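S.K.: Right, I'll just put the structure down here and ask away after.
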Amino acid sequence: MKIIMLGAPGAGKGTQAKRIAAKYDIPHISTGDIFRANIKEGTELGKKAKTYMDQGLLVPDELVVDLVADRIQKDDCKNGFVLDGFPRTIPQAESLDAALEKLEQKMDYAIDVDVPDENIVSRMSGRRACAGCGATYHIQFNPTKTEGICDACGDKLILRDDDKPETVQKRLDVYHDQTQPLIQYYEKAGILESVDGTMAMDDVFEAIVKILGA
Ligand code: AP5
Ligand code: MG
């Protein structure tokens, strides 16, 4: 099963993608997580990506397209994968289609997690991420057992650099301008599904499972 998660920054793509990956036993491929791991390790890719990410801008297509094309050819992707944060532009979507075509494959679902802009800013300011394992929480909607400490690995929680309110607004603008057109792209391709992302996390997941089949 090959799935794309679409949706604004903070819509819950990562939250749901992790659950999908666990339930269907397929890898969760988040380009944002890949960039953040590279930033942490201080790689050249990380250094380049950070200058864009901190401003709420997209990393240039050429830095992300080959990376994903390579990743989806790895052995663990044989039974499918869930893409989170990619594609984010029409050229990225076209390059994904081309890479899959070479493998004689195509995407099965593009799931749009729909959340209006008004809800996004409060979600982002309350998000906390684990500095160690990358697990995501929310101070109100998905709190940890001990404040500031990851339930999964015990490391400390941090606020993402790009979750400052002014950067969130920029990311939303970029989303509407460059990423939202993908909804129409996948509608045309006949694989678009939409879920109401303002529901509670469990209800959003239930709606997705209904689409994918148990
Ligand atoms: P990326 O990491 O992909 O960030 P994003 O798309 O902006 O999305 P987020 O990760 O912020 O949100 P999410 O939808 O995953 O929400 P989450 O589940 O965490 O990208 C970061 C940057 O990297 C980009 O700005 C760009 O610069 C660069 N980049 C990445 N990919 C790229 C690409 N392909 N091309 C170019 N550049 C790229 O949920 C948010 C919060 O809400 C959490 O706290 C969560 O607990 C909470 N929450 C989730 N669901 C619910 C719910 N149903 N109810 C209440 N709270 C909820
Ligand atoms: Mg995410």
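S.K.: Out of everything in segment 77-117 that is small (G, A, S) and at positive phi, what residue ends up being nearest to ligand 2 (Cβ to nearest atom)? Full working, then the answer.
M.R.: Restricting attention to segment 77-117, the residues satisfying the condition of being small (G, A, S) are 80, 85, 93, 95, 98-99, 110.
Those left that are additionally at positive phi: 80, 85.
Working: G80: 19, G85: 6 Å.
Among those residues, the one meeting the criterion is G85.
S.K.: Are any residues in segment 53-70 in a helix (DSSP H, G or I), open to solvent by 10 Å² or more (accessible area, probe 1.4 Å) and within 16 Å of ligand 2 (Cβ to nearest atom), and if so, which ones?
M.R.: M53
S.K.: Any residue that is more than 29 Å from L192 (Cβ to Cβ), assigned to a loop (DSSP other than H, G, I, E, B) and in contact with a Ser or Thr (Cβ under 7 Å, 6 or more places away or on another chain) - is there at least one of those in segment 125-138?
M.R.: No, segment 125-138 has no match at all.
S.K.: Same structure again: Sort through I39, I26, I20 and tell me the only one that's more than 12 Å from ligand 2 (Cβ to nearest atom), among the aliphatic types (A, V, I, L, M) and within 20 Å of D114 (Cα to Cα).
M.R.: That would be I20, the only listed residue that is more than 12 Å from ligand 2 (Cβ to nearest atom), among the aliphatic types (A, V, I, L, M) and within 20 Å of D114 (Cα to Cα).
S.K.: Now for a different question. Give the number of residues within segment 104-116 that are open to solvent by less than 60 Å² (accessible area, probe 1.4 Å) and either out of contact with any Leu (no Cβ under 9 Å at 6 or more places or on another chain) or away from ligand 1 (no atom under 13 Å from the Cβ) (or both). Working first, answer last.
M.R.: Step one: filter segment 104-116 for residues open to solvent by less than 60 Å² (accessible area, probe 1.4 Å), giving 107, 109-113, 115-116.
With the extra rule that they be either out of contact with any Leu (no Cβ under 9 Å at 6 or more places or on another chain) or away from ligand 1 (no atom under 13 Å from the Cβ) (or both), the set shrinks to 107, 109-110, 115-116.
Result for segment 104-116: 5.
S.K.: Now, a different point. So in segment 15-31, with the set limited to residues that are in contact with a Phe, Trp or Tyr (Cβ under 9 Å, 6 or more places away or on another chain) and not aliphatic (A, V, I, L, M), which one is surrounded by the fewest Cβ atoms within 10 Å (Cβ to Cβ)? Show your work before the answer.
M.R.: Of segment 15-31, the ones in contact with a Phe, Trp or Tyr (Cβ under 9 Å, 6 or more places away or on another chain) are 15-16, 19-21, 23, 26-31.
Next cut, not aliphatic (A, V, I, L, M) only: 15-16, 19, 23, 27-28, 30-31.
On the way: T15: 23, Q16: 25, R19: 18, K23: 13, P27: 16, H28: 19, S30: 21, T31: 21.
Looking at residues that are in contact with a Phe, Trp or Tyr (Cβ under 9 Å, 6 or more places away or on another chain) and not aliphatic (A, V, I, L, M), I get K23.
S.K.: Taking the condition exposed (fewer than 15 other Cβ atoms within 10 Å of the Cβ) and part of a loop (DSSP other than H, G, I, E, B), does K145 pass?
M.R.: Judged against the criteria, K145 is a match.
S.K.: If a residue must be over 14 Å from E187 (Cα atoms) and touching a residue at least 40 places away in the same chain (Cβ under 8 Å), how many such residues does segment 101-112 contain?
M.R.: 2
S.K.: Check segment 30-43 and report whether any residue there is more than 7 Å from ligand 1 (Cβ to nearest atom), assigned to a loop (DSSP other than H, G, I, E, B) and closer than 20 Å to V82 by Cα.
M.R.: no
S.K.: Pairs needed: first member in segment 30-58, farther than 23 Å from K18 by Cβ and modelled with pLDDT under 95; second member anywhere, in a loop (DSSP other than H, G, I, E, B) and open to solvent by 30 Å² or more (accessible area, probe 1.4 Å); C-beta distance under 7 Å; at least 6 residues apart or different chains.
M.R.: none
S.K.: Give segment 162-204 a look and list any residue that's aromatic (F, W, Y) and open to solvent by less than 40 Å² (accessible area, probe 1.4 Å), or say none. Quick ask: steps written out before the conclusion?
M.R.: Start the filter on segment 162-204 by keeping residues that are aromatic (F, W, Y), which leaves 175, 185-186.
Across segment 162-204, the qualifying residues are Y175, Y186.
S.K.: Here's a follow-up. Only one residue in L103, L63 is over 16 Å from K13 (Cβ atoms), of a type outside the set (G, A, S) and modelled with pLDDT under 95, so which one is that?
M.R.: L103
S.K.: If a residue must be under 11 Å from L159 (Cβ atoms), open to solvent by 20 Å² or more (accessible area, probe 1.4 Å) and either away from ligand 2 (no atom under 14 Å from the Cβ) or small (G, A, S) (or both), how many such residues does segment 118-128 contain?
M.R.: 1
The values are calculated or read from the model by the stated rules, or taken from the named source; none is laboratory data. If you're wondering where the values come from, they're calculated on a predicted model, not measured in any experiment. Using ideal geometry, Cβ is built from the backbone for each residue, glycine included, and neighbour counts are taken over all protein chains shown. Heads up: the accessible areas ignore ligands, DNA and RNA and are worked out on the full protein's heavy atoms, side chains in. Shrake-Rupley method; radii C 1.70, N 1.55, O 1.52, S 1.80 Å.
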